[in-house]
Every structure is written in C-alpha cells, then in structure tokens.
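Take a look at the structure below.
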Amino acid sequence: MIDYYYRLRSPALNIYQSLKDSNWEEFVYYDYYSFKVAPMQDSVWQNDNALSAINDAFPISKAGLIKTPPNSGYDWHVDTDRTVGINMLVSDVHSCDTLFSKNYNRGLTYDIARMKYVPWSLYVFNTKVYHTVLNYEHTRYLFTVEFKERDHTTYQAVRDYCVAQGL
C-alpha cells in the first residue's frame, strides 16, 4: 500500500488564527509552478508546536499561502523540486478535492485515493506520488511549507519522525 499523506494529531490553531485574521485577497501573490503563492513570515508557523518540532529535525526553508481560482484544476503531476511538503487547507474543505494515484501514468484507467481535509489540520504530503487538485466554486487557499534541500528529508522520513514523536 502506498502512503499518500499523514495527518498530524494536533490542530494548527495558531496558524489558522493568524491567517484567519488576515485578508487573503490583499496578500501579494507571485507565480510559482503555475500557482499563485504569497510568502509567509516564519512567525506564522514557528508558534506551532508540531512544525517547530519538525523544523528541529528537518529544517523548513519557507512557507506560503497558495491561491487557486474557482472552477480550476491543477494537472496530475509529481513535484520536481521537493519530496515532501506540509499542507493545511484554510478555505472551505468542501469546495475542492485532492486526489492521489499510484498508477496514474500506466494506462487509460487508474486507481485514485481522495484526501479529505479536516479543518485546521496539517498534513505531511507525499509529493512523489501522482496527485491533482480540483477546485470548485470558491477560491482555494492552502498553507504550505517547504523544507531545505537535504538528502534525508523524504516523505517517509518526515512521516516516521512525526509518528515517533506523537505529532
């Protein structure tokens, strides 16, 4: 069985509250891999106990807020520059889908696994498995972090660390 994502145990209420109190439309967004991303200050995530603990073992390089327009999709892909990310959907969890496939590129039909976001939850995200995003009637906002490039910063290593630490 392929492990697509791991949900951290504790809600990221500090991050969510920090973002909730902001007007996301007023952020400055930049093009980044065909997404619109607003860089976040480190202080947005540093007060979160789980991300602080993960950062001690796997240093975080940057965080941002990804904005996806209504009625749009992001094609099936695997990330080219990262093996793992940590994401939290901050907009309506019912207005989008994130799907994974272990065999997407092997023919006309393929299996899918749907990721069902839970509000205020951080997910360790396996970016080396094919995945896609379908966004429906509302703008989608996703908090995401990237790690500094290190050989041992893989999905499995970060996930195993989180499990071992009870995160």
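Relative protection proxy for 130-137, 145-152, from highest mean packing down: 130-137, 145-152 (other beta-carbon atoms within 10 angstrom).
Assign one of three labels to the range 70-167, namely rounded, prolate or oblate, based on the Cα gyration tensor with a ≥ b ≥ c the square roots of its eigenvalues; rounded applies when a/c is under 1.5, prolate when it is not and a/b is larger than b/c, and oblate otherwise. Because a/c hits 1.5 or more and a/b fails to exceed b/c, the range 70-167 counts as oblate. The distance separating the Cα centre of the range 1-44 from that of the range 103-167 comes to 13 Å.
Secondary-structure-derived ellipticity at 222 nm for the chain, considering helices only, amounts to -5000 deg cm²/dmol, per-run term -39500 (n - 2.57) for DSSP H runs with n ≥ 4.
How would the range 36-79 be classified by its alpha-carbon gyration tensor: rounded, prolate or oblate, with rounded meaning a/c under 1.5 and the a/b versus b/c comparison settling the rest?
Numbers: a/c = 3.05, a/b = 1.89, b/c = 1.61.
Prolate.
Computed from phi, the 3J(HN,Hα) profile of the range 153-167 under the Karplus parametrisation 6.51, -1.76, 1.60 (θ = phi - 60°) reads 8, 10, 4, 4, 5, 5, 4, 4, 4, 4, 4, 5, 8, x, 8 Hz, with x in place of Gly and Pro.
Between residue 53 and residue 128, take the C-beta separation as r, use R0 = 30 Å, and let me know the FRET efficiency to the nearest 0.05. Show your work: numbers first, answer last.
On the way: r = 23 Å, r/R0 = 0.77.
That gives a FRET efficiency of 0.85.
Here the Debye sum runs over all C-alpha atoms of the chain as equal scatterers in vacuum, and log10 of I(q)/I(0) at q = 0.20 Å⁻¹ comes out as -1.54. At full extension, residue 25 and residue 138 could sit 39.4 nm farther apart than now, given 0.36 nm per residue minus the alpha carbon distance. Total lysine pairs in the chain at Cα distances under 25 Å, for residues eight or more apart or on different chains: 19.
Taken together, the values in this text are just the output of simple stated rules run on the coordinates, not laboratory data. A quick note: this is a predicted structure, and the numbers were derived from the prediction, not measured. All Cβ positions, even for glycine, are placed from backbone atoms using ideal geometry, and neighbour counts span all protein chains on display.
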